[in-house]
Amino acid sequence: MEKKGKNTSQKKNLAKMQTVKLNDCRVVVLKLVDELLDATSMMSNSPSIKEQWSIHLVIVNLLSKINQLEAEFDLKPLSQRNDQSIEKLTKWATKNGAILNGVEIHQFENNEYGMKATKNIAVGDTLVTVPRALMMTEESIPSSPLWKLHSQDMMLRNMPNVALAIFILVESLRKDKKSFWHSYLTSLPVTYSTPVYFNVADLEALKGSPAFEAALKLNRNIARQYAYFKKLFQLSNDPASVILKDTFTYEYYRWAVSTLMSRQNTVPNSDNPTENVSALIPIWDMFNHRSGRLSTEFVKSSNSCVCYADGDFAAEDQVFIFYGVRTNADFLVHNGFVYPDNEHDAVKIRLGVSRSDPLYSLRHRLLQTLSLSALAEFFITPGPFPIDGKLLAFVRIFNMDQKTLKDWIQMEENLCLNLTLVDGTLDPALETKCWEFLQVRINLLIKQYPTPSENVGNLSKFQQLAHTQIQLELDILRNALEYVKQHLDITLKS
């Protein structure tokens with residue numbers, strides 16, 4: 001009896017020590033969170049890439065310390081996706097009104113899940129129907145533990161996607177009862193390939209690409225949101241904060257945000273069908289992407305999302321859908337993949353007229369005639385015509401002298417559209433100047449990229465993604481450079 005009492009006492013002491021240790025960890029985490037909030041708010045108004053990278057390194061260092069401490073908490077692990085969880089997802093979805101016609105969820109040879117044809121499918125066939133009741137949207141929040149905090153917190157009210165990410169966590173981590181979406185949430189991947197999972201070396205491999213700055217901004221925003229909510233849940237006692245007070249971690253938050261970014265679609269708002277709300281659509285989000293045409297619609301009469309085949313598929317084939325017109329930079333940052341055959345790919349180029357330019361007012365006035373701003377982003381595209389007409393017009397206006405600007409301003413508005421034409425009848429000297437400007441600018445863009453790795457096989461999974469992205473962008477820029485050189489030669493000969 002004495003030995004038993006001694007063991008019980010030791011266990012109590014160990015539990016007490018563990019509680020003290022965890023409380024100490026929480027105190028340190030909150031101090032680091034304060035530093036994280038400061039770090040994510042220290043940027044200047046127009047930060048350079050160098051400044052953004054420097055701040056990112058500070059953020060990474062703080063998050064590394066936070067992750068180590070939060071790993072000490074006894075938290076519920078995310079459910080591993082497997083055939084059993086996929087089977088439960090399908091049963092739950094069909095029980096609640098989803099219809100799969102000639103397709104099923106399948107794990108393919110590369111271990112990625114997707115949709116497989118169970119019969120021959122013809123273009124236009126209905127593949128999947130998902131009723132609104134199965135979807136996770138902001139409209140689901142009023143019936144959840146998040147509603148009270150949502151009605152009080154400005155960030156949750158004004159940023160629907162942030163609210164939806166927190167909603168995903170509330171439903172995943174609630175302990176009072178199983179969420180209605182339990183079978184869906186436990187079938188999701190436990191990790192993603194979005195840039196919030198990139199380490200320093202992975203992200204550095206993207207330097208030179210427009211995706212690099214977008215990835216830095218994404219990481220910064222997610223870190224700031226995490227820090228904001230970490231403090232909020234500690235200071236609040238609403239039902240959602242009670243659930244997340246001791247369970248909300250950076251690891252969980254980046255998972256929820258990546259789940260939303262990589263899988264969301266939009267559906268009409270129930271109260272105002274002219275507006276859309278973001279939605280997670282179970283079953284439908286198992287389709288992978290390929291080029292094609294949009295083939296999903298929301299059918300008002302049945303209050304459901306319906307997906308049709310955009311091509312013919314033989315039985316046993318993987319069935320793909322088209323996610324929409326996006327560049328590979330968008331796919332990489334928000335979906336975590338790169339699609340080499342993307343016919344809608346492009347490289348973003350940012351141009352601006354300085355307010356210190358003596359001719360700024362004239363240039364700005366002529367730019368407005370063409371609905372262009374003095375600071376604008378354009379896209380260089382693949383194919384035979386990589387230079388967009390509006391980009392060409394901007395460059396021409398940027399390079400005009402005072403007399404030429406005044407002459408064009410006095411012209412009728414429709415005549416100004418000639419500035420967008422590649423073969424417009426313009427002054428040869430100005431044309432030469434413009435094509436030379438583009439040549440220099442594109443060469444500068446190419447030089448910003450890192451030297452390609454000679455041994456791609458030794459790169460991490462994320463570095464390989466970055467390598468593919470950069471090679472695709474360099475192909476676009478080199479094609480555009482050749483196009484510019486051809487037009488420059490023609491102009492010089494005229």
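Among the candidates Ser179, Ser193, Ser183, single out the residue that is touching a Leu at 6+ places or on another chain (Cβ under 7 Å), in contact (Cβ under 8 Å) with a residue 12 or more places away in the chain and more than 30 Å from Ile476 (Cβ to Cβ).
When all the criteria are applied, what remains is Ser183.
List every residue pair whose Cβ atoms sit under 6 Å apart, with the two residues 6 or more apart in sequence or on different chains, where the first one lies in the stretch 80-98 and is assigned to a loop (DSSP other than H, G, I, E, B) and the second, anywhere, is of a type in the set (Val, Ile, Thr) and modelled with pLDDT of 95 or more.
Once the first residue is assigned to a loop (DSSP other than H, G, I, E, B) and sits in the stretch 80-98, its partners that are of a type in the set (Val, Ile, Thr) and modelled with pLDDT of 95 or more give Ala98/Val130; Ala98/Ile283.
Could you please tell me which pairs satisfy a Cβ distance under 6 Å, a separation of 6+ or placement on different chains, a first residue in the stretch 361-377 that is under 17 Å from Lys348 (Cβ atoms), and a second residue that is loosely packed, with under 14 Cβ neighbours inside 10 Å?
Close Cβ pairs satisfying both conditions: Leu375/Gly352; Glu377/Arg350.
When you go through Lys119, Lys76, Lys148, Lys50 one by one, which is the residue that is over 25 Å from Thr191 (Cα atoms), in a loop (DSSP other than H, G, I, E, B) and either free of Cβ contacts under 8 Å to residues at least 24 places away in the same chain or open to solvent by 10 Å² or more (accessible area, probe 1.4 Å) (or both)?
Of Lys119, Lys76, Lys148, Lys50, the one residue that is over 25 Å from Thr191 (Cα atoms), in a loop (DSSP other than H, G, I, E, B) and either free of Cβ contacts under 8 Å to residues at least 24 places away in the same chain or open to solvent by 10 Å² or more (accessible area, probe 1.4 Å) (or both) is Lys119.
Count, please, the residues in the stretch 300-315 that happen to be open to solvent by 30 Å² or more (accessible area, probe 1.4 Å) and touching a Ser or Thr at 6+ places or on another chain (Cβ under 8 Å).
3
Sort through Thr266, Thr191 and tell me the only one that's open to solvent by 30 Å² or more (accessible area, probe 1.4 Å), closer than 18 Å to Met159 by Cβ and not small (Gly, Ala, Ser).
Only one candidate passes the filter, namely Thr266.
Residue by residue, here is whether (1) among the β-branched types (Val, Ile, Thr); (2) within 21 Å of the chain's Cα centre (by Cα); (3) modelled with pLDDT under 95 holds:
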site	(1), (2), (3)
Lys177	no, no, yes
Leu188	no, yes, no
Val196	yes, yes, no
Val200	yes, yes, no
Glu213	no, yes, no
Leu216	no, yes, no
Arg224	no, yes, no
Asp238	no, no, no
Ser241	no, no, no
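What pairs can you find where one residue is in the stretch 330-352 and in contact (Cβ under 8 Å) with a residue 12 or more places away in the chain and closer than 25 Å to Val257 by Cα, the other is surrounded by fewer than 21 Cβ atoms within 10 Å (Cβ to Cβ) and among the charged types (D, E, K, R), and their Cβ atoms are less than 6 Å apart, with a gap of 6+ or different chains?
Pairs found: Lys348/Glu377.
Only residues that are hydroxyl-bearing (Ser, Thr, Tyr) and either more than 16 Å from Ser241 (Cα to Cα) or crowded, with 21+ Cβ neighbours inside 10 Å (or both): list them for the stretch 133-143, please.
Thr137, Ser140
Kindly evaluate Asn237 against the criterion of being open to solvent by 20 Å² or more (accessible area, probe 1.4 Å), out of contact with any strand residue (DSSP E or B) (no Cβ under 7 Å at 6 or more places or on another chain), free of Cβ contacts under 8 Å to residues at least 60 places away in the same chain and among the polar types (S, T, N, Q).
So Asn237 fits the description; yes.
Scan (1) surrounded by fewer than 17 Cβ atoms within 10 Å (Cβ to Cβ); (2) farther than 22 Å from Phe198 by Cα for the single condition Lys461 breaks and write down its number.
Unmet for Lys461, out of (1) surrounded by fewer than 17 Cβ atoms within 10 Å (Cβ to Cβ); (2) farther than 22 Å from Phe198 by Cα: (2).
Taking the condition open to solvent by less than 50 Å² (accessible area, probe 1.4 Å), over 30 Å from Val128 (Cβ atoms), of a type outside the set (A, V, I, L, M, F, W, C) and at pLDDT 95 or above, does Thr327 pass?
Here the answer is no, as Thr327 does not meet what is asked.
Does the stretch 159-175 hold any residues that are assigned to a helix (DSSP H, G or I) and either under 19 Å from the mean Cα position of the chain (by Cα) or among the aromatic types (Phe, Trp, Tyr) (or both), and which are they?
Answer for the stretch 159-175, where residues must be assigned to a helix (DSSP H, G or I) and either under 19 Å from the mean Cα position of the chain (by Cα) or among the aromatic types (Phe, Trp, Tyr) (or both): Pro160, Asn161, Val162, Ala163, Leu164, Ala165, Ile166, Phe167, Ile168, Leu169.
The values are calculated or read from the model by the stated rules, or taken from the named source; none is laboratory data. Predicted model only: the values in this text are computed from it and were never measured. Positions of Cβ are backbone-derived with ideal geometry, glycine not excepted, and every protein chain shown enters the neighbour counts. With ligands, DNA and RNA removed, areas are computed over all heavy atoms of the protein, side chains included. Shrake-Rupley method; radii C 1.70, N 1.55, O 1.52, S 1.80 Å.
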